[in-house]
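Let me begin by presenting the structure, written as structure tokens, before commenting on it.
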Amino acid sequence: MFVADFDPVALRLGPLQIHWYALAYLAGFLGGWAYLKFIIRRAALPITDLHLDDFLTYAIAGVLLGGRLGYVVFYQPGYYLAHPIEAFYLWEGGMSFHGGLAGVIAAVLLFCQRQKLNPFAFGDLIAIAAPIGLFFGRLANFVNGELYGRLTDVPWAVVFPHADSSPRHPSQLYEAGLEGLLLFSLLWGLALFTNWLKYPGRLAGIFLIGYSVSRFLVEFVREPDAQLGFLYAGATMGQLLCLPMFGFGLWVCLRSWRTKV
């Protein structure tokens, strides 16, 4: 049985410590940026390298601010009401994907308004690159021994010493495979081998639907947050947040069938 007892610090340079989680964010942003440059050249899109360069700052701000705010509001509201200054302690961890998604959507809307771009068309590009960041982020979760799965006796069970000495589902790897590799492969194929990029919002909708379904399913074997436990009808917070995300993705997809550029 594998024991996931990794050092969360990837590199130590005197007093400076570089964590795997920080490297995962860096790999996600830079990997997505490079991938989109390839896509816009291959698909001959009316979006330039300069647009992507300028948006990178918006994306970083949207992910970090939205992800942190989402965690504070959805997962630890009581604690941060009592300790409001700690909401700014990003180095202590605590990020919400759904909050980060809301932050990126806000960043796309603001950026596209300033650049006079179609936000649905630009959102398609961000959506097809997002699984890269999700893949590296879930691997970092595994290395950190966080967001682990529920108790199990499957042959591939993993022990996370930060939790206890019991075998658990490596739910972070399930998510890396579904939200990362599988969703990336699907969107990559649709972007390169169909004309769906000509229908603004279609690939963004597919991403929203694909992520929400993947996350909803994995939550059945992922340990719920200790401070929340199971909520309405035995669902976890992650599952409840996936429901409006699925509905929004479906609306975006249906809208794209009536719009063509």
Original post:
Which of (1) surrounded by fewer than 17 Cβ atoms within 10 Å (Cβ to Cβ); (2) closer than 17 Å to Gly32 by Cα is the odd one out, the single condition Arg138 does not satisfy?
Top reply: (1)
Original post:
For Ile47, which of the numbered conditions (1) touching a residue at least 12 places away in the same chain (Cβ under 8 Å); (2) in a helix (DSSP H, G or I); (3) under 21 Å from Leu109 (Cβ atoms) fails to hold?
Top reply: (2)
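Among the candidates Leu11, Leu69, which residue alone is farther than 25 Å from Trp188 by Cα, free of Cβ contacts under 8 Å to residues at least 60 places away in the same chain and within 22 Å of the chain's Cα centre (by Cα)?
Working: Leu11 fails: within 22 Å of the chain's Cα centre (by Cα).
Going through Leu11, Leu69 in turn, the sole match is Leu69.
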Original post:
What number goes with the only condition from (1) buried (at least 20 other Cβ atoms within 10 Å of the Cβ); (2) at pLDDT 95 or above that Gly70 does not pass?
Top reply: (2)
**OP:** Inspect all residues belonging to region 73-86 and state whether any of them is surrounded by fewer than 20 Cβ atoms within 10 Å (Cβ to Cβ), among the aliphatic types (A, V, I, L, M), in contact with a strand residue (DSSP E or B) (Cβ under 7 Å, 6 or more places away or on another chain) and without any contact (Cβ under 8 Å) to a residue 24 or more places away in the chain.
**Re:** no
**OP:** Just need a number here: residues in region 217-261 that are in a loop (DSSP other than H, G, I, E, B), hydrophobic (A, V, I, L, M, F, W, C) and out of contact with any His (no Cβ under 6 Å at 6 or more places or on another chain).
**Re:** 8
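Which of the residues that make up region 35-63 are loosely packed, with under 13 Cβ neighbours inside 10 Å and of a type in the set (A, V, I, L, M)?
Keep residues of region 35-63 that are loosely packed, with under 13 Cβ neighbours inside 10 Å, which gives 38, 41-42, 44, 46, 48-50, 53, 57.
Of everything in region 35-63, those that are loosely packed, with under 13 Cβ neighbours inside 10 Å and of a type in the set (A, V, I, L, M) turn out to be Ala44, Leu50.
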Original post:
From Leu192, Leu203, Leu181, Leu151, which residue is in contact with an Asp or Glu (Cβ under 7 Å, 6 or more places away or on another chain) and not hydroxyl-bearing (Ser, Thr, Tyr)?
Top reply: Leu203
**OP:** Could you check, for region 111-126, whether at least one of its residues is touching a residue at least 40 places away in the same chain (Cβ under 8 Å), touching a Phe, Trp or Tyr at 6+ places or on another chain (Cβ under 7 Å) and farther than 17 Å from Tyr25 by Cα?
**Re:** yes
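The values are calculated or read from the model by the stated rules, or taken from the named source; none is laboratory data. Not measured: the values here are computed from a predicted model. Don't worry about glycine lacking a Cβ; one is built from the backbone with ideal geometry, like all the others, and counts go over all protein chains shown.
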